[in-house]
Amino acid sequence: MKDLFQRISLLVFKLLRTSLKLCPESIKIKIGKIFGSIMMLVSSKRRGITYNNIKQSGITHSDYEIRTIMKESYQNLGITLVELLTIDTYDFNAPISKVNYSNIELIEEAKSKGKGVILLSGHFGNWELLAYSASVILKRVLHIVIKYQMNPYTDAYLRNLRQRSGNQLIDMNKAGMTLVKAIKYNDIIAMLSDQRAGTNEGLELEFLGRKARTYKAPATLALKFKTPIIVGFAIRDSNNNYNVDLVEIDHSDLDDSPNGVEELTKRYLKLLEDTIKLNPGLWAWQHNRWKLD
């Protein structure tokens, strides 16, 4: 029965992609919001986690504002899905593109140092379009660390879409040596580092007012190999396009030590935190981010 349900899910994705490719962008966005609203309704447990995460973040204590952010966050997930399903239909080199970078040349400048490049982001705005568009615009392969999904059929289908720009996907559970090799070959790697890390994978640091376990791998790699770290978030505008301002995190003052790794991780968290506070409805609050046990 489980296998049948998973195969049906794949069929739904395929039919949805075919339909979405025929829709104007404004209709796609509306469909995405509907999907997001449905997601919010079907899981009371996840909805409760989302509400409590927002409430305890201190961004607002108003019940109305918390529910507004929660609704926007779920709708953002729905929009991300429909845009992912049609990711290969966008012209990212157009004068007014779906994703517009203010300073994408920062990546090439970092790469010219010959130490590889680490691109960091989070589950914010549309992180799928972020990696795909960067690859298309730069005409370079990004080595992207991902977590494989439970449904093997839809997972393979979506991975195929993600790689149509030429990007290569790396299973996060087997990423270690692959990332080291990529850095040594002066390649570009990309990671989302905003979810809860495992006990041995992260550091317990303050994040939005509470202790949370954050991945230390990006900072560890950057300090060990003196690799530049560039952070960017895709912020949706009123035209349903995305604007990205890249920021390189300076770590020239830090050494390859536990204290250095902690400080560099804090610098990433500060950028993520500031971005979430400005646009809280664009972040995925559904994850049980602050669970420590």
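See the values below:
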| item | result |
| --- | --- |
| Cα pair distances exceeding 21 angstrom across the range 1-138, given as percent | 57 |
| Segments 251-261, 272-282 sorted - mean Cβ within 10 Å per residue, highest first | 272-282, 251-261 |
| DSSP beta bridges in the chain [antiparallel fraction, %, rounded to 5] | 40 |
| Within straight-line cross-link reach of K14, lysines at Cα separation under 28 Å, skipping those fewer than 8 residues along the same chain | K2, K28, K30, K33, K71, K98, K139, K147 |
| Cα centroid separation, the range 116-165 to the range 190-245 (Å) | 15 |
| Test item: Cα-centred dipole of the range 105-165, Lys/Arg +1 and Asp/Glu -1 on Cβ, debye | 200 |
| Estimated distance in nm for a label pair at N103 and T60, the labels positioned 7 Å out from Cα along Cα-to-Cβ | 3.1 |
| P(r) histogram, all alpha-carbon pairs of the chain included - 10 Å bins from 0, percent | 6, 27, 37, 24, 6, 0 |
| Mean Cβ neighbour count within 10 Å, used as a protection proxy, ranking 132-139, 152-159 highest first | 132-139, 152-159 |
| Fully extended contour minus Cα-Cα distance, from K181 to F5, at 0.36 nm per residue | 59.5 nm |
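Only the coordinates and a few stated rules stand behind these numbers; no lab work does. Source: prediction; values computed, not measured. Glycine also receives a Cβ, built like all others from the backbone with ideal geometry; neighbour counts cover every protein chain displayed.
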